Structures are given as C-alpha cells and as structure tokens.
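Undergrad: What follows is a single structure, and I will ask about it in a moment.
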Amino acid sequence: MSENINLVQRRRAQLQNAVGDLGKLVIDALNQSVTCLSRHDLELAERIIEGDTQINQQRRVLEQECLVTLAAYKPAGADLRAIGACMELVSELERIGDYAADVARILRRAGETRFPSESVEAIVEVAADAIAMLGETLDAFTCGSDEQSARASIAREDQVDRNEQAVIERVLTMMRADPDFATTGTYLLWIVHNYERVADRATNVAERAVYVACGETPELG
C-alpha cells in the first residue's frame, strides 16, 4: 500500500509540474502579446497566433494524463483534489493563452493603425499586474503552498480592476470626442478586457490552490 501511495504522490507532483510548465508557455505568450502591443509588431502578432496551437495541444495531452492517473491510481484526499485541480487548470490555462492570441488578432485587424501611446502604456500596466498575478497563483498551486499563501497571490486583483476601469473611461472619452476614433477605441477596449480576464482566471487558479490545501473551495473573486 505504501508503495502505491508513493506512486500516487509522485504522479501528482509530475502533473503539478506539468501544469506549471504549461503555465510558463502561457505566461510567455502573454508577455509576447504585451511586447506586440507596445511595439505594434504585426510579425510578432502572427507568431503568437501560430504558437497558440502548442498550448492547445499541450492542454489535450495533460487532460489525458490526468484521466489516466485517476483511473490507474484511484487517488484519495489531497492527492485526488490536486489531480482533479490539474485537470481543471489545464483548461483555464488554455483559455488564458487564448487571450494572448486574441490580443495579437486585434493587432492584426488594426493593421498599420497605431494606438495612442498613453492608452497603450495604461493597458500595459493592467497586463503586467495580471500576468504577475497569474505567475504567483501558479507558484502557489505547483509548489503546494498553504491556504494563506494561495489567498495572498491575488492581492493585485483590485488594482487590475481599477486600472482597467480607468482605461475604459479614458477611451470612451476619446470616442465621444472623435467619432472617427470609434474603431480604434473599440480595439483598445477589447485588449484591456482580455488582460483583465487574465486576472479573473488567475483568481480561479488561486481558488484551486486553496482547495488542494484545505479541501474547501472559496469565492476569491
């Protein structure tokens, strides 16, 4: 029995590490999307869109590995919670990766039309906090942090929401002042919302980390 328990724990650790590796791919894609936005780099936008395929494929592989592990090892307790959470989080991460690709697609639609630098800088600030949140919540999950550490990993969420709202108000003011800015303004609103959604889904990661640590599912958002 003890050997089986050790195998389960080893497999759990492998899956959590694999989730962390997928998270690194997603964070890299998000950081590239920020660079793409800052530089209005349309070639990089195409590479981000193409790279989303790798994230999607890795999600499917990890989902299958989680299912096989549940069937073969029949984990219980914290091990069962962790492996079940891994299965949920690969889906979360795949969606977060989509946000990076969506930003790149918006840049592609905008073409050569440049965005106002002040708005871009403000969106980059939202993105930076959201990406930092995601990194911290993933660390809490993959490292098996305690409940308090997992909860602390989303400390930036309110700031992300406030900064997103400030961007929205600025862009809407510009759209009201200049009807010709409507399309560009809409693109900016889409982009900042994508980054705010990264923070929302990072909160879901933190909730899974708390669940693994204590067996309860909190509402952190």
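The values are calculated or read from the model by the stated rules, or taken from the named source; none is laboratory data. Note that the structure is a prediction, hence the values are computed from the model and not measured. Every residue, glycine among them, receives a Cβ derived from its backbone with ideal geometry; neighbour counts consider all protein chains shown. For the accessible areas, the whole protein counts, side chains as well, though only heavy atoms, and no ligand, DNA or RNA atoms are used. Shrake-Rupley method; radii C 1.70, N 1.55, O 1.52, S 1.80 Å.
Undergrad: Against the longest principal axis of the chain, how steep is helix 77-110, in degrees 0 to 90 to the nearest 10, with axes from Cα atoms?
TA: Orientation of helix 77-110: about 20 degrees from the principal axis.
Undergrad: Give, rounded to the nearest 20 debye, the magnitude of the charge dipole that region 1-67 has about its Cα centre when Lys and Arg contribute +1 at Cβ and Asp and Glu contribute -1 at Cβ.
TA: That gives region 1-67 a dipole magnitude of about 320 debye.
Undergrad: Could you give the angle, 0 to 90 degrees to the nearest 10, between helix 157-177's Cα long axis and the longest principal axis of the Cα atoms of the chain?
TA: The angle comes out at about 20 degrees.
Undergrad: Run the dipole for the chain about the Cα centre, Lys and Arg Cβ at +1, Asp and Glu Cβ at -1, nothing else charged, and hand back the magnitude in debye, nearest 20.
TA: I would put it at about 520 debye.
Undergrad: So, one more: So what's the angle, to the nearest 10 degrees on a 0 to 90 scale, between helix 2-39 and the longest Cα principal axis of the chain?
TA: Here the helix axis deviates by roughly 10 degrees.
Undergrad: Please give the per residue accessible area of region 1-105, computed with a probe of 1.4 Å over protein heavy atoms only, in Å².
TA: For region 1-105, the solvent-accessible area averages 48 Å² per residue.
Undergrad: Within the chain, what whole-number % of the accessible surface is contributed by carbon and sulfur, with the 1.4 Å probe and all protein chains included in the calculation?
TA: 47
Undergrad: What shape does the chain have by the C-alpha gyration tensor, where a ≥ b ≥ c are the square roots of the eigenvalues, rounded means a/c under 1.5, and otherwise prolate means a/b greater than b/c and oblate the rest?
TA: Prolate, since a/c reaches 1.5 and a/b exceeds b/c.
Undergrad: Continuing with this model, one more query. How much accessible area per residue does region 119-221 have, in Å², with a 1.4 Å probe?
TA: In whole numbers, region 119-221 has 45 Å² accessible per residue.
Undergrad: From the residues Thr69, Val171, Ser149, which one has its Cα farthest along the dipole of the chain in the positive direction, the dipole being from +1 and -1 charges on Cβ of Lys/Arg and Asp/Glu about the Cα centre?
TA: Thr69
Undergrad: Can you pull the accessible area of Thr35 for me, 1.4 Å probe, Å² to the nearest 10?
TA: 50
Undergrad: Per-residue ellipticity at 222 nm for the chain, helices alone: DSSP H runs ≥ 4 residues times -39500 (n - 2.57), over residue total, nearest 500 deg cm²/dmol?
TA: Calculated mean residue ellipticity at 222 nm is -30500 deg cm²/dmol.
Undergrad: If you build the Cα gyration tensor of region 97-190 and take the root of 5 times each eigenvalue, what three semi-axes come out, in whole angstrom, biggest first?
TA: 32, 15, 8
Undergrad: In whole angstrom, note down how far apart the Cα centers of region 183-199 and region 27-51 are.
TA: 15
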